[in-house]
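Let me begin by presenting the structure, written as C-alpha cells, before commenting on it.
Read-outs: derived from the displayed coordinates by stated rules, not from any lab. Here the structure is a predicted model, which is why all the values come from computation and not from measurement. Backbone-built Cβ (ideal geometry, glycine too); neighbour counts: all protein chains shown.
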Ligand code: SF4
Ligand code: SF4
C-alpha cells in the first residue's frame, strides 16, 4: 500500500465504524441494554486484539495534528519508560479517572471507570463491546457485555430469545459484527491478510506504517 491509497481509505473505514457504533447503540436502546454509568471495564481487558489497519484512521489524525511522532515516542520510543509494558496488556489509550469512585458500581460488585482517549477513532472491536449481533454458522446470536447482561438479565434474555428465532437466510437480514468486518476487509486486499494482534501491538504497527509511508511522501495535510 502506498501513502495515497492508505490515506484515501480513511473516510471509508470511519464510515463503516460509525455504522457499527450506530447499530450497537440502536440495539442497546431497543432492548434496554445500556452501559453502566462511567464504566470503562471493557477497556481493562488485557487480551483485546485488533488489526493494524483498524488504527490507520487514528494515525492519520495524529499525523494531521502533527502528533504522530510524539505519540509513537511516548509509548514505543527508545527513551520511553513505558516501553516494557506496551506490547501486550491494557490498551494505552485508556484513561482512568481516579476522581470517579467505584461507588458507581451500583448493584454490581465492581467495575472500573475509564474512558478512551481516542474514542472517535477506536477500532471495530471496541465498537462492539456493549451489545452486538454475531453470526454463527447459519444462526444469529447475541454478544452482550457481561456487566450489562448481569444488570439487565431479563432484557438480555428477551434479546437472545428474539435472535434464536432468526435463521440467517430469513428475509429479515440483521446487521452483525461479521458483516462489518467483511466490509472492512473488502476495502483493500491487504486488510484481509492482516492478523489479529494484541491491541497495543496493532497500534504500534499502524503508527510505524504511517510514519514510514509519510516519511517518503513529503506529507502535506492539506
Ligand atoms: S481503543 Fe479505546 S475503546 Fe478500545 S480498548 Fe483502547 S481505550 Fe478502550
Ligand atoms: S460494554 Fe460493558 S464494560 Fe464496557 S462500558 Fe459498557 S457496561 Fe461497561
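Key figures
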| read-out | value |
| --- | --- |
| Candidates 208, 52, 15, ranked by Gaussian network fluctuation over the chain, Cα under 10 Å, top entry | 15 |
| Segment residue 30-residue 185, extension gain: residue separation times 0.36 nm, minus the distance between their alpha carbons | 52.9 nm |
| Degrees separating the helix 153-164 axis from the principal Cα axis of the chain, which is the longest one | 90 degrees |
| Fully extended contour minus Cα-Cα distance, from residue 87 to residue 2, at 0.36 nm per residue | 28.0 nm |
| Candidates 165, 38, 18, ranked by Gaussian network fluctuation over the chain, Cα under 10 Å, top entry | 165 |
| Relative contact order %, the chain, counting alpha carbon pairs below 8 Å whose residues are six or more apart | 34 percent |
| FRET efficiency for residue 165 and residue 143, using Cβ-Cβ distance with R0 set to 22 Å, rounded to 0.05 | 0.80 |
| Three semi-axes of the equivalent ellipsoid, the stretch 10-78, Cα gyration tensor, whole Å, largest first | 28, 18, 11 |
| Cα gyration tensor, the chain - rounded (a/c under 1.5), prolate or oblate | oblate |
| Contour excess over end-to-end distance, with Cα ends at residue 174 and residue 154 and 0.36 nm allotted per residue | 5.0 nm |
| Distance from the stretch 14-73 to the stretch 143-172 (C-alpha centre basis), Å | 23 Å |
| Estimated inter-spin distance, residue 78 and residue 61, nm [label 7 Å along Cα→Cβ] | 3.1 nm |
